[in-house]
Structures are given as structure tokens and as C-alpha cells.
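First up is the structure itself, then whatever we jot down about it.
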Amino acid sequence: MKSIWFHMQGYRDLPDDFHKKYESVWVTPPTDELCDPKMVAKYLRWNVEELELADEVGFDGLGINEHHQNAYGFPVSPNLIASILARRNSDAALVVLGNTLPLYNPPMRVAEEFALLDCLSGGRLVAGFPVGSPMDTVGCYGIPPTQVRPRYYEAHDLIKKAWTHKGTFAFNGQFTKLRYANLWPKPLQNPHPPVWLAGGGSVETWKFATDNDYTYSYLSFGGHKAGKAMMQGYWDQIEKAGLDDNPYRAGFAQLVVVADTDAMAEKLYLKHIRNFYTKSLHIPSHFQAIPGFMTKKSVEYNMRKGAKALNATYSDPANATWKDFTETDQVVIGGSPDTVAARLEEAVRNLRVGHLMIIMQIQSMDRELTEYNTRLFADKVLPRIRNIWDKEGYVDHWWPQGATRNQVAAPSREAAE
């Protein structure tokens, strides 16, 4: 199993009454009241140091993503942070999950910057192609909701062609028209970096993954228990497409905290978990459920089988107990190394995922506590979960060719052909 130390890069100092005083953590939180650039300067350095630490202690990959106008996670342009990590002498994957394709005009910018990062990193890049959240695409960048997915598909086709086409070509799309498309440089990986998709419940993303033989990662803070129905929908699509059940076709994001004992974990982390679920997920429905953004088919699926908001942790997270978070609803995996290793294996097998995005810096946690969490996990938990799928003999065809940590990366299927 591949472990990706994933950094949300949230703003760490939201006021205690944030969720009562302000409309949303995304789109409209007043930056002049809440965001101190001097603190941002410090936190950005912490963010990079924490990612570098994860590299040093042995995680298989380093994960970052893109969001805008929010305190939930403000990497803004993940490629800027990725460029710092790409120049390191490392054999860990650089998982940029990803560039939100509909936001780029023209999308050739994604093709160029990802190719540059792939070259700079020595072929260690995972190219994430998310559709994007309604908050980012519609709320922050003003894209009409019914255009988001058509723009995404067109951008995907342009980027893929730019990576693989021999010579200059013209592109005449609905949203992008280029007389001369001539990518400099081309990616180092052949034929291109592995493409990972990420989603929160759109059934179209599952089919797009199977049509292109991409991976799909479910990004949820509801935990594996609540996420089972959504991931099963993806695996049903895999079966329908006649593809194999290789767990490396899938990924999942999970909040994880570890301490020497279960009791110590509760003492160290409960306030930060409450803070995250109370403030970072404080998003009103008119921003996250915009009419026209999700198709009728996806809405129906989510209403019928999608993960439901869990009573204790979502209705009143400020007062939810450690037991609510870690046992009753299992939205967080936390405790001693023994507890965490056992519950992580349960989650990984329950969802059948080979790529685990492990979130260990939970918004308000400081640099020291994040380092303690990361080092203890790497020392006491990581060796126990790394070989979960080894006995079955699965090969990860979706891992970067230059990321050789712990095993030689398999060539992509397209490259093998």
C-alpha cells in the first residue's frame, strides 16, 4: 500500500466563534479580518517543512492540492509548493491532487507546468485532474455551474494531446482555441505522468476513470464507514467496465492522529479535531450544493446511497467526544500505534484502496505537534501497514516511474504497451 502524507495547508488561527460569526470558511470569509499575512508567511514555511519531514521519515508520497478564497486549505497554486519539493533529492512521489482543470485559461498552462515539474522531480509526479469543488469553480472563479464539467473534459483532452502528440497542432475547442499548441517541455515520464482523479460523489467521475484507466480517490472527511457506499459505487463501475479489482485503482483521504497511548491521543488531539470539523467544514449549502453543478444522475445517487452526515460529529462537532470521532462514527483514526495500525488496515480493506492520503496536520495543530504525529506514525505504524496488499501480488500501474521508494515503480500500462 502507498502512503501519501497529504497537507491541507489550512489557516491555523481561526477565532473560537468563527462558525457562529461568519457565513462560511470558503468563498466569503473576510480576509482583512481573519487572515494575517505575517502569520501566513510563518505557516507556509511550516507547511513546506512538514512536507519535507514526511519525505525524510519515509512516506511513499507527498500530497498537495488546489483551493481558493478559503481558510480550509489555501495552497492556491499547488505547483508553487510542488516546485520546492520537486528539486529535492528524493525517491518519493510528488502527488499534486491536483490542478483544477476548469480554472485554467488556457489549460495548456497545466500541461506545461506539470511537464516542468515532472522533469524537475526526475519523473516523480502524479498529475491530479480534479473537476474542482463548487466553491472554487463557481463561487470563487465565477464559472457557470453547467459549464464546469464540459470545460473539464475539453481541458483534459487538450492536456493529454499536448503531452503525447508529435509536433505542433491546432486545437479548436468550445472554450479554448489555439492555432499553435507546441508543448515545451514534454514530460519526462513516458508517455506522461500517471493521472489521478479525485471526487466527492459524482458518478460521472467514476466512468471517466474507467474509460481512461485512471485511478479514483474519494476525498471525504466522513471516514471509511460512511464512505463505503460511495467507493462501492466506483468498484461497481470497475466491474461493469470489465476491469480488474486492483486496489491501486483507488485512493482515500483519512485524518489520522497517533500518540503513545489512546488516552494521550485524546488529550493531545481532541481539541484540534473539534476545531477542524466545526470551522474548516463550515460551508453553507448555497456554496456546496449549487444547482446545475452536479448532474441529475449524481444527485439521485447521493440521495439514495451517498454518505449521510453523521449525527454526533456533523450536527454538533464542537461537543462531539473522542469516542464519537474515533469509534461511533469512525471519521478519524486515532490512538496508540497498535490502535491506529489495526483501524487503518480495517479501513483500507473495507474500501479496497491502495493509495492512502493520510492527513496528519489538522488545521490548528502547531509545528511541534504535527512533527510528533508524523514521526511516531512513520516509526510505529507505517511499517505495519505498508505491505497490506503485497500477498495478493497487485502491481501499482499508476505510480510515477521515478518514485522508487520501497519498491521499483511499475511502468504505466501505456508505456508497457
Output the residues belonging to the range 270-298 that are within 22 Å of the chain's Cα centre (by Cα), surrounded by 13 or more Cβ atoms within 10 Å (Cβ to Cβ) and in a helix (DSSP H, G or I).
H272, I273, R274, N275, F276, Y277, T278, K279, S280, F287, Q288, S298
Only one of A71, A93 is surrounded by 18 or more Cβ atoms within 10 Å (Cβ to Cβ) and more than 22 Å from F276 (Cβ to Cβ). Can you tell me which?
A93
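Tally time: how many residues in the range 118-134 are outside any loop (DSSP other than H, G, I, E, B), surrounded by 24 or more Cβ atoms within 10 Å (Cβ to Cβ) and not charged (D, E, K, R)?
6
Conditions (1) of a type outside the set (V, I, T); (2) assigned to a helix (DSSP H, G or I), marked per residue:
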site: W206; (1), (2): yes, yes
site: S220; (1), (2): yes, no
site: K225; (1), (2): yes, yes
site: V257; (1), (2): no, no
site: L268; (1), (2): yes, yes
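Which of the residues that make up the range 256-269 are out of contact with any strand residue (DSSP E or B) (no Cβ under 6 Å at 6 or more places or on another chain), β-branched (V, I, T) and surrounded by 20 or more Cβ atoms within 10 Å (Cβ to Cβ)?
The answer is V258, and nothing else.
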Somewhere in the range 346-361, is a residue of a type in the set (V, I, T), modelled with pLDDT under 95 and touching a Phe, Trp or Tyr at 6+ places or on another chain (Cβ under 8 Å)?
no
Over the range 328-345, the set of residues touching a Gly at 6+ places or on another chain (Cβ under 7 Å) and hydroxyl-bearing (S, T, Y) is none
Filtered residues of the range 191-226 (kept if charged (D, E, K, R) and over 13 Å from H397 (Cα atoms))
E204, K207, D211, K225
Among the candidates V348, V395, V340, V331, single out the residue that is touching a Ser or Thr at 6+ places or on another chain (Cβ under 6 Å), at negative phi and touching a residue at least 60 places away in the same chain (Cβ under 8 Å).
V331
Examine the range 76-90 for a residue that is on the phi < 0 side of the Ramachandran plot, under 17 Å from the mean Cα position of the chain (by Cα) and modelled with pLDDT under 95, and state whether such a residue exists.
yes
Quick check on the range 327-349: of everything there that is surrounded by fewer than 20 Cβ atoms within 10 Å (Cβ to Cβ) and either in contact with a Cys (Cβ under 8 Å, 6 or more places away or on another chain) or among the small types (G, A, S) (or both), which residue is nearest to F221 (Cα to Cα)?
A342
Enumeration of residues in the range 240-263 that are more than 27 Å from V95 (Cβ to Cβ) and either touching a residue at least 12 places away in the same chain (Cβ under 8 Å) or charged (D, E, K, R) (or both)
K240, D260, T261, D262
Within the range 165-198, restricting attention to residues that are of a type in the set (G, A, S) and outside any strand (DSSP E or B), which residue is farthest from S217 (Cα to Cα)?
G167
Residues (at pLDDT below 95 and hydrophobic (A, V, I, L, M, F, W, C)) located in the range 207-230:
L219, F221, A226, A229, M230
Tell me, which residue of the range 83-117 that is free of Cβ contacts under 8 Å to residues at least 40 places away in the same chain and outside any loop (DSSP other than H, G, I, E, B) is farthest from S364 (Cα to Cα)?
R109
Does the range 143-164 contain any residue that is surrounded by 15 or more Cβ atoms within 10 Å (Cβ to Cβ), in a strand (DSSP E or B), out of contact with any Lys or Arg (no Cβ under 6 Å at 6 or more places or on another chain) and modelled with pLDDT of 95 or more?
no
Among the listed residues Y234, Y218, identify the single one that is buried (at least 22 other Cβ atoms within 10 Å of the Cβ), farther than 30 Å from K166 by Cα, touching a helix residue (DSSP H, G or I) at 6+ places or on another chain (Cβ under 7 Å) and free of Cβ contacts under 8 Å to residues at least 60 places away in the same chain.
Y234
Set Q69, Q9: member being on the phi > 0 side of the Ramachandran plot and under 14 Å from the mean Cα position of the chain (by Cα):
Q9
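Among the helices (runs of 4 or more DSSP H) lying completely within the range 316-417, list those that include at least 3 residues that are within 21 Å of the chain's Cα centre (by Cα).
Fully inside the range 316-417 and qualifying: 337-351, 367-376.
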Name the one entry in G128, G61, G73, G98 that is at pLDDT below 95 and touching a strand residue (DSSP E or B) at 6+ places or on another chain (Cβ under 8 Å).
G98
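The values are calculated or read from the model by the stated rules, or taken from the named source; none is laboratory data. What you see is a predicted model; the values in this text were computed from it and never measured. Cβ sites come from the backbone with ideal geometry, for glycine too, and all protein chains shown count toward neighbours.
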